[in-house]
Ligand code: MEV
């Protein structure tokens with residue numbers, strides 16, 4: 001049995017704008033999805049969503065991975081088991097993590113010889129099939145790890161501060177939210193266009209601050225980015241309440257991460273206020289996750305389970 005894992009991610013800047021070619025800065029976080037694979041008589045996919053064969057409804061990402069990997073290897077039956085620390089549909093890149101970890105696990109099991117670049121590219125193709133208009137961000141960051149500027153694919157310095165994630169536990173559909181932004185942009189191109197390009201500008205300006213570890217400046221810009229995400233309609237009352245709870249308990253910054261609507265917000269913390277921020281998020285009705293960024297993308301965990 002082969003086990004691979006891949007990390008989730010948070011956006012410091014640029015979700016939604018990145019769909020229109022603007023820059024974003026994302027970091028991989030130490031919350032991982034593990035995929036175990038072994039050769040088997042039939043196709044079996046096991047996760048908290050159930051046990052299925054090739055099933056494009058219940059396990060669309062993994063089913064598409066198997067279909068795609070059949071182009072590189074003679075894959076008949078295979079058993080794939082998924083364990084994840086990433087909540088599904090929460091904006092933390094759970095679908096990219098399961099896709100990328102599954103590709104790498106099959107890559108090892110069948111000796112396909114795919115490079116990390118090939119894995120990121122194949123993962124992006126699969127996300128686009130399942131989701132429609134998906135940017136390369138999630139699959140690239142989950143494959144490569146680290147703090148990454150997209151679309152430049154430039155690695156920036158890791159953040160040294162703790163990260164607190166607040167989950168509203170409200171499922172949000174990336175496809176639907178990306179569609180809503182597209183509709184708003186087509187109705188008001190001269191208003192929404194500049195907002196999206198301002199978000200991209202923030203990522204460009206923040207690049208140096210990330211590399212210098214200037215958390216005060218990063219935080220100020222992240223808070224502005226939050227306002228612009230609200231302006232394009234991807235906020236929610238629950239997200240705002242977690243954002244203000246985190247800021248009120250001393251977070252350097254707090255904003256939505258990912259598609260919005262529900263899902264998660266992210267706060268940058270300091271060592272001495274991380275727990276207070278997590279507690280404030282919980283008191284405001286969210287689920288708090290304390291984590292940190294990681295340089296490690298997809299990785300082989302073990303060759304025997
Ligand atoms: C979703 O995690 C981020 C979005 O920018 C969509 C995408 O980049 O594909 C909203």
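Throughout, read-outs are computed from the coordinates displayed, never taken from laboratory work. What you are looking at is a predicted structure, and each value in this text was computed from that prediction instead of being measured. We place every Cβ from the backbone using ideal geometry, glycine too, and count neighbours over all the protein chains shown.
Name the single residue that is farthest from residue 103 (Cα to Cα) among those in the stretch 58-81 being in contact with a helix residue (DSSP H, G or I) (Cβ under 8 Å, 6 or more places away or on another chain) and in a helix (DSSP H, G or I). Lay out the reasoning, then the answer.
If we filter the stretch 58-81 for residues that are in contact with a helix residue (DSSP H, G or I) (Cβ under 8 Å, 6 or more places away or on another chain), which is where we start, we get 60-62, 64-66, 68-69, 72-75, 78, 80.
If we keep only those that are in a helix (DSSP H, G or I) too, we end up with 60-62, 64-66, 68-69.
On the way: 60: 14, 61: 10, 62: 9, 64: 10, 65: 6, 66: 8, 68: 9, 69: 7 Å.
Here the residue is 60.
Okay, residues lined up against (1) surrounded by fewer than 18 Cβ atoms within 10 Å (Cβ to Cβ); (2) within 19 Å of residue 148 (Cα to Cα); (3) touching a helix residue (DSSP H, G or I) at 6+ places or on another chain (Cβ under 7 Å):
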residue	(1), (2), (3)
206	no, yes, yes
235	no, no, yes
246	no, no, yes
269	no, no, yes
294	no, yes, no
> Residues of the stretch 241-262 being within 16 Å of the ligand (Cβ to nearest atom) and touching a strand residue (DSSP E or B) at 6+ places or on another chain (Cβ under 7 Å), which ones?
Replying inline: 255, 256, 257, 258
> Just checking, how many residues over the stretch 87-118 are crowded, with 24+ Cβ neighbours inside 10 Å and assigned to a loop (DSSP other than H, G, I, E, B)?
Replying inline: 4
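So, in the stretch 22-51, exactly how many residues are over 16 Å from residue 83 (Cβ atoms) and out of contact with any helix residue (DSSP H, G or I) (no Cβ under 8 Å at 6 or more places or on another chain)? Give the derivation first.
As a first pass, look at the stretch 22-51 and keep what is over 16 Å from residue 83 (Cβ atoms): 22-29, 39-43.
Remaining after also requiring out of contact with any helix residue (DSSP H, G or I) (no Cβ under 8 Å at 6 or more places or on another chain): 29, 40-42.
Going through the stretch 22-51 one residue at a time, the tally reaches 4.
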>> Six or more apart or on different chains, Cβ atoms under 6 Å: show the pairs whose first residue is in the stretch 135-159 and over 19 Å from residue 202 (Cα atoms) and whose second is more than 16 Å from the ligand (Cβ to nearest atom) and in a helix (DSSP H, G or I).
In response: 143/116; 143/119
>> Against the conditions (1) more than 15 Å from the chain's Cα centre (by Cα); (2) buried (at least 20 other Cβ atoms within 10 Å of the Cβ); (3) not in a helix (DSSP H, G or I), where does residue 165 fall short? Just the number, please.
In response: (1)
> Of the conditions (1) part of a helix (DSSP H, G or I); (2) under 22 Å from residue 278 (Cα atoms), residue 191 fails just one. Which one is it?
Replying inline: (2)
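Of the residues 242, 275, which single one is part of a helix (DSSP H, G or I) and under 20 Å from the mean Cα position of the chain (by Cα)? Break it down stepwise before answering.
Values: 275 fails: under 20 Å from the mean Cα position of the chain (by Cα).
Within the list 242, 275, the selection yields 242.
Based on what the data block shows, is residue 146 at positive phi and more than 16 Å from the ligand (Cβ to nearest atom)? Steps first, please.
Numbers: at positive phi: yes; more than 16 Å from the ligand (Cβ to nearest atom): yes.
So residue 146 fits the description; yes.
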